[in-house]
1. Of A:THR72, B:THR469, A:THR315, which has the most accessible area with a 1.4 Å probe, and how do the rest follow in descending order?
2. Sequence gap at least 6, Cα distance under 8 Å: using those rules, report the relative contact order of region B:297-382 to the nearest whole percent.
3. At 1.4 Å probe size, what's the solvent-accessible area of A:ASP306? Round to the nearest 10 Å².
4. Among B:GLY299, B:HIS401, B:GLY173, flag the residue with its Cα farthest along the positive direction of the charge dipole of the protein assembly as shown, charges on Cβ as +1 for Lys/Arg and -1 for Asp/Glu.
5. Convert 37 °C to kelvin, take the viscosity as 0.692 mPa s, use the Kirkwood radius over C-alpha pairs of region B:23-71 as Rh, and evaluate the Stokes-Einstein diffusion coefficient in µm²/s, rounded to a whole number.
6. Accessible area of region A:177-304 with a 1.4 Å probe: how many percent of it is carbon plus sulfur?
7. Could you tell me how far the Cα centroid of region A:292-353 sits from the Cα centroid of region B:43-100, in Å?
8. Report, in listed order, any pair from A:LYS399/B:LYS155; B:LYS155/B:LYS411; A:LYS246/A:LYS302; A:LYS302/B:LYS442; B:LYS135/B:LYS418; A:LYS344/B:LYS418 with a Cα-Cα distance greater than 18 Å.
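The values are calculated or read from the model by the stated rules, or taken from the named source; none is laboratory data. Owing to the predicted nature of the structure, the values given are computational and were not obtained by experimental measurement. Cβ atoms come from the backbone with ideal geometry, glycine included; neighbour counts cover every protein chain shown. To get the accessible areas, we keep the full protein, side chains included, count just its heavy atoms, and leave off ligands, DNA and RNA. Shrake-Rupley method; radii C 1.70, N 1.55, O 1.52, S 1.80 Å.
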Protein chains: 2
Amino acid sequence: MQQHDPSASPFPSARRVHVGDLRVPFREVSLAGGEPPVRLYDTAGPQGIPAADGLPKLRQEWVARRVARGDTNFSQMHYARKGEVTEEMRFVALREGVSPELVRDEVARGRAIIPSNRNHLELEPMIIGSRFLVKINANIGNSAISSGIEEEVEKMRWATRWGADTVMDLSTGADIHATREAIIRSSPVPIGTVPIYQALEKVKGRAEKLDLRVFLDTLVEQAEQGVDYFTIHSGVRLAYIPLTAKRLTGIVSRGGSILAKWCLAHHKENFLYTGFEEICEVMKRYGVSFSLGDGLRPGSIKDANDEAQFAELDTLGELTEVAWRHDVQVMIEGPGHVPMHLIKENVDRQMRVCREAPFYTLGPLTTDVAPGYDHITSAIGAAMIGMYGTAMLCYVTPKEHLGLPDRDDVKDGVIAYKIAAHAADLAKGHPGAQAWDDALSKARFEFRWQDQFNLSMDPDTAREFHDQTLPAEGAKVAHFCSMCGPHFCSMKLTQDVRSMESSGVEAAKAEVEQGLEQKAAEFREGGGELYVAVDAAAST
Amino acid sequence: MQQHDPSASPFPSARRVHVGDLRVPFREVSLAGGEPPVRLYDTAGPQGIPAADGLPKLRQEWVARRVARGDTNFSQMHYARKGEVTEEMRFVALREGVSPELVRDEVARGRAIIPSNRNHLELEPMIIGSRFLVKINANIGNSAISSGIEEEVEKMRWATRWGADTVMDLSTGADIHATREAIIRSSPVPIGTVPIYQALEKVKGRAEKLDLRVFLDTLVEQAEQGVDYFTIHSGVRLAYIPLTAKRLTGIVSRGGSILAKWCLAHHKENFLYTGFEEICEVMKRYGVSFSLGDGLRPGSIKDANDEAQFAELDTLGELTEVAWRHDVQVMIEGPGHVPMHLIKENVDRQMRVCREAPFYTLGPLTTDVAPGYDHITSAIGAAMIGMYGTAMLCYVTPKEHLGLPDRDDVKDGVIAYKIAAHAADLAKGHPGAQAWDDALSKARFEFRWQDQFNLSMDPDTAREFHDQTLPAEGAKVAHFCSMCGPHFCSMKLTQDVRSMESSGVEAAKAEVEQGLEQKAAEFREGGGELYVAVDAAAST
């Protein structure tokens, strides 16, 4: 085990604390003015460990015991259904602030998954399900026109630093295997891949040369490395392809198009559909979870919720039942591009057809007219679809449709999606979600500027923006902000109002209605300076 | 009238066209490949006119006729109720693609307003109402720690260039009068203000020295200049102030706090409430519209939809009826900070209580934990509240809660809100809203890169992002993008699929199901290269 400080956090005035015998990590932010510290969900993982070393193998002993006793199905669903509460289940229960029994029950019935390949020992377990915190995924991966191994590992670290709950490696270029290996060994979060990409490279990019054997070999190769979930497009059935013909934007999923081409070239049923049971055998041997791909998802507002999308969804529902018969965990991928009024229908239908298997959507974008801002067009849809019960949101960066995301784009995408996920947690009333907002709002109202910055999703940016107008350190303790200046702020007024009330609002209200000459006099003598509006930039 | 090119547009491959006898402006974007040009709603106004000159006085003759015939109430509602279809009504009807009679009817019943002071002759009329395109407002204005007149005029131009439908001048510092004059003379959009700010300066910042006379004098001064709507906090009643005592963040509205202080200091009812009828007399004389301020709006998620907010809303409903008895147009201001699950309740309640008078909300922010990104936390709430029927959305910039917005912040705020407003228009099924999305998606699918850029809400950023990965001019016509590279793109596949179908999808489906050896052979011979996924950055 390498030397490193387990309490190191990349965030200011914060440290990583580890709770319980399983050492579940949280970000603990210290506050001023005698306020108790605030504990936040933390995805950043252990800090300061060289990629060459890899992270500590947290799950080594947990898995070793299962191997020793001769387990053959390493799926958390398998254990859950046998009534076994695994370390992974206890870990996520503590992380989410719920009971281990709730976790076991949700995993057993398939409404939540804990992606955790037996060979990804560095993983800090997390859970994906509608009864838990909404999660977000960040995509990384090199391509013909792109980057090296270190760069991809750094992208993964950067994404998890800002809050990515899982990371998908979508590499299609050179060094796929080595890149993936480096990412997994350094990743505290589940890693997902789309195996068809590598399978395609094994047949020199000729889709029609693909077959189940090449695909299964690829699955085993990646599962051995520790990939936690696979996107597999088994729902792209031959008969559905013509349904995309009338679309404005056809098929926009890479995997979907590869399989569609194969089906057309052989005029045969998709081998990922016919061979699904064999695929399940590999999945359970390593405890890999399915992310059933939506190869026919719409690529534009016009094509949203159409026949092709829903036909594929029906098949994904059918395959979910098959996977569950093998005790293999499943989540279902969803769109894409959906106008706001059709978002709920998407979730309701997925939940019905797929028996509440976790939904994992890309956005959706709520309009097509703002390329360059699709982290925003899609954060709107992501927040809503999260509120309606979607378990994980795949981020979209500002470069979507235009180019490859760089470091800043990855951060912008992750932050926009953390906002969407947290807004959904608030709307769903997840226990504890609002404590974070209340702590920050209290700091804001009490002008504890440093606390406000440190409690922010992005403390660096919050502090930088404040300094642009009021750089002085003094301003950090000032009882005003640049928007209204020193003479307008609501705090003092509210104090005056509070001073009026002895036994609560009603009494105060009565007092006011009777009229209170004396209070008024005191108020005037006090010269009661009035202050206003931290909401000032837009405040009226 | 100064020399300028009326067809000049700040957007690439676009020109301002003027339709009909009233010369209603649109942005016409020309496309490649024989595609018909696309006409978009345009708020940019006439270009290239020095601030010193002021814009052409489009409404001069319209208003002159009303003055000549001795009108005393210049409110559009007054004319609408008399059955008169004004030039302003015909102008907005053509601009929105609806009938003038619908406009007259909506204005007459108070469900829409056309802010248009008789003295703002440079105005290109627009309408605010739930049956029309969702509008957005941008706030500008100097302050103690800020800027000069030219800078404010430039801010207004910058905001309208990107799509602000109205602009509020929230200046509180020096040169309030001159700054406002310069802004109005150069503004093609309605200008709103919060007169209490200037009134407060007239009494040296001592809120308790305020009275109705000082306030009415200020109203007349600003109305004479041509301000189109006034935010007036008549709903902050004495009895409601104690209701804010138990709040986490008290009162966060500047105007609300000023009035609250006045009420407490005098333990009297708000003079803007008791003097409301006198205020109405000024409003109708100039045709100024009310924007009834929500001085008790919540300042945090915790305080959303509380007793104080809804008590004030009830009073705003009562005052709406009073204003309507004077034929004065009214819109109602709303929050602020509201979690997603409470947004609909806000709109439904406002519509019921205020008899469907247009709702004009600030955001709302859907979480408090992301200062520095509140244009995003609030664009989520804005899009949803717009979908539920809110007529205008007041933008929030990334600097909200932290500092004063600069040029980039204003642009970021306007774009985020144009996205929210347009997403709401799509969800509401506004006629023509989707044509824009379809045109851009078609360009995207057909790899007409320049068209995709030019149809974007922000062509500059879209083009810049694309160039960061593929700078070559050649890439602008390439049938692939950097995300997937040349060998993956859905277009060709979809063409193959389409070539299969003679009489529609069903026939093709049947063909497929029967199996089509021949087609498949052709496909293989054709070497049918497969392409994929413009959705690639996130595509699986």
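1. From most accessible down to least: A:THR72, B:THR469, A:THR315.
2. After rounding, I find 31 percent.
3. Accessible area, nearest 10 Å²: 30 Å².
4. Ranked along the dipole, the leading option is B:GLY299.
5. My calculation gives 232 µm²/s for D.
6. 54
7. Taking the Cα centre of region A:292-353 as reference, the centre of region B:43-100 is 50 Å away.
8. Checking Cα-Cα distances, A:LYS399/B:LYS155; A:LYS344/B:LYS418 exceed 18 Å.
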